[in-house]
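Structure first, commentary second.
The values are calculated or read from the model by the stated rules, or taken from the named source; none is laboratory data. None of the values given here were measured: they were computed from a predicted structure. Here the Cβ positions follow ideal geometry from the backbone for every residue, glycine too, while neighbour counts run over all protein chains shown.
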There are 2 protein chains.
Amino acid sequence: MGYRYDIRLSGSGGQGLILMGIILAEAIGIYDGKYVAQTQSYGPEARGGSSKAEVVVSDQEIDYPKALKLDLLLAMNQKSCDDYYMDLKPKGILVVDSTFVNQVPIPRAYQIPFTRIARDKFKREMVANIIALGAISKLTPIVSARAIEAAILARVPKGTEKLNRDALRAGISSAKKVEKIITSAPANLLENEDT
Amino acid sequence: MGYRYDIRLSGSGGQGLILMGIILAEAIGIYDGKYVAQTQSYGPEARGGSSKAEVVVSDQEIDYPKALKLDLLLAMNQKSCDDYYMDLKPKGILVVDSTFVNQVPIPRAYQIPFTRIARDKFKREMVANIIALGAISKLTPIVSARAIEAAILARVPKGTEKLNRDALRAGISSAKKVEKIITSAPANLLENEDT
């Protein structure tokens, strides 16, 4: 039996989640050489402004490309956090944009203000998704920072390469800081109530 | 039982097929209000330079989001045409970019030189995918030209709206011309040998 790693990236329309999904899938599939399926679904409610993109990774061909129980959930707003956290596996990782997510439903969550970093450091909210990709590359074993960088540079508009490379690095640094906080906290504070 | 309509967009990396898939999915899902799943898959062979994006449309939630037997295949190069035409349903529609596809495996195919039109009319090969979307909106009942236009304008870079709107219209016109040729040809020439 091979492995399967299920990721959902969620938030509002306009936060660049679908581009994130494509970059993450291309990083893992093209640059890291694993099997990847990347999916977005829309229904009649799609005008509501919610957005999600899914990435499934495996060491063998993927029969069922929709995410099932999640190894990683990125929630870029409160609604997507509330709607999807119950789909996490017991040891699944929750990463939230703490600019917009104030109530975290499980204790073991990585809370990073992606949009505030984008705003304060780069004066461009639109790079919040690239900062989040940097954090994900640090917080999970599923993709290398090198592959993420190559995939980003292949997808972003010409002339924005430096901005996006800097945003990626800011994301990696932000995750390093949060990892320290989480791993130094007493274990009982971090127990996953959702198990 | 509801309906299901399976589309595969295929060609070379760099032809903008994934962006096409997203625009087509958003046109049908967000603007036309149907259920849509949009998927791309990568394997260890993904560096080879082939690219494909799939769009599945239904009047109900889509359990299995990968394309099965195809109602519509767009082939933007010869290899993708050769690799995938056998996945067409007997009455499925084959649309090829005749700039690169010289050998059409079934008689009933819409041959339109998307890339040559992009090059000659717009001096930008990169709009070949938008021209192809225009043709698809004319040749199939699955998406309205109005929805495609709204989805394109929401996705393309600021400042390129007029270029892309003109490319869409050029695609619609190109399909009108080809439709006339196909529908006026003797029926026996058009019989699908693949049935």
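What about A:Gly14, is it closer than 17 Å to A:Thr140 by Cβ, within 10 Å of chain B (Cβ to nearest Cβ) and outside any strand (DSSP E or B)? Criteria not met by A:Gly14.
For every residue, the table says whether it meets (1) among the hydroxyl-bearing types (Ser, Thr, Tyr); (2) crowded, with 24+ Cβ neighbours inside 10 Å.
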{"position": "B:Ser98", "(1), (2)": "yes, no"}
{"position": "B:Arg108", "(1), (2)": "no, no"}
{"position": "B:Asp120", "(1), (2)": "no, no"}
{"position": "B:Asn129", "(1), (2)": "no, yes"}
{"position": "B:Ser144", "(1), (2)": "yes, no"}
{"position": "B:Glu161", "(1), (2)": "no, no"}
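Looking across A:Gly21, A:Gly2, A:Gly33, A:Gly29, one residue alone is outside any helix (DSSP H, G or I) and free of Cβ contacts under 8 Å to residues at least 40 places away in the same chain. It is A:Gly33. Scanning segment B:7-55 for residues that are surrounded by 21 or more Cβ atoms within 10 Å (Cβ to Cβ) and out of contact with any helix residue (DSSP H, G or I) (no Cβ under 9 Å at 6 or more places or on another chain) yields a single hit, B:Gly21. Every residue in segment A:80-108 that is among the small types (Gly, Ala, Ser) and touching a residue at least 40 places away in the same chain (Cβ under 8 Å), please. Within segment A:80-108, just A:Ser80 meets the criteria. Those helices (runs of 4 or more DSSP H) of segment B:143-195 in which 3 or more residues are modelled with pLDDT of 85 or more occupy B:145-155, B:161-184. If the condition is being at the interface with another protein chain (Cβ under 7 Å from one of its Cβ atoms), among the hydroxyl-bearing types (Ser, Thr, Tyr) and out of contact with any Phe, Trp or Tyr (no Cβ under 8 Å at 6 or more places or on another chain), then segment B:29-65 contributes only B:Thr39. When restricted to residues that are under 13 Å from the mean Cα position of the chain (by Cα), under 13 Å from A:Ile172 (Cβ atoms) and assigned to a helix (DSSP H, G or I), segment A:116-142 contains 10. Inclusion of B:Asp63 among residues that are part of a loop (DSSP other than H, G, I, E, B) and surrounded by fewer than 21 Cβ atoms within 10 Å (Cβ to Cβ) is warranted. Condition check: in a strand (DSSP E or B), in contact (Cβ under 8 Å) with a residue 24 or more places away in the chain and either within 17 Å of B:Ala135 (Cα to Cα) or away from chain A (no Cβ under 14 Å) (or both). Does B:Gln111 satisfy that? Yes: the conditions hold for B:Gln111.
Of the candidates A:Val101, A:Val56, A:Val95, the single residue that is at pLDDT 95 or above, hydrophobic (A, V, I, L, M, F, W, C) and not in a strand (DSSP E or B) is A:Val101.
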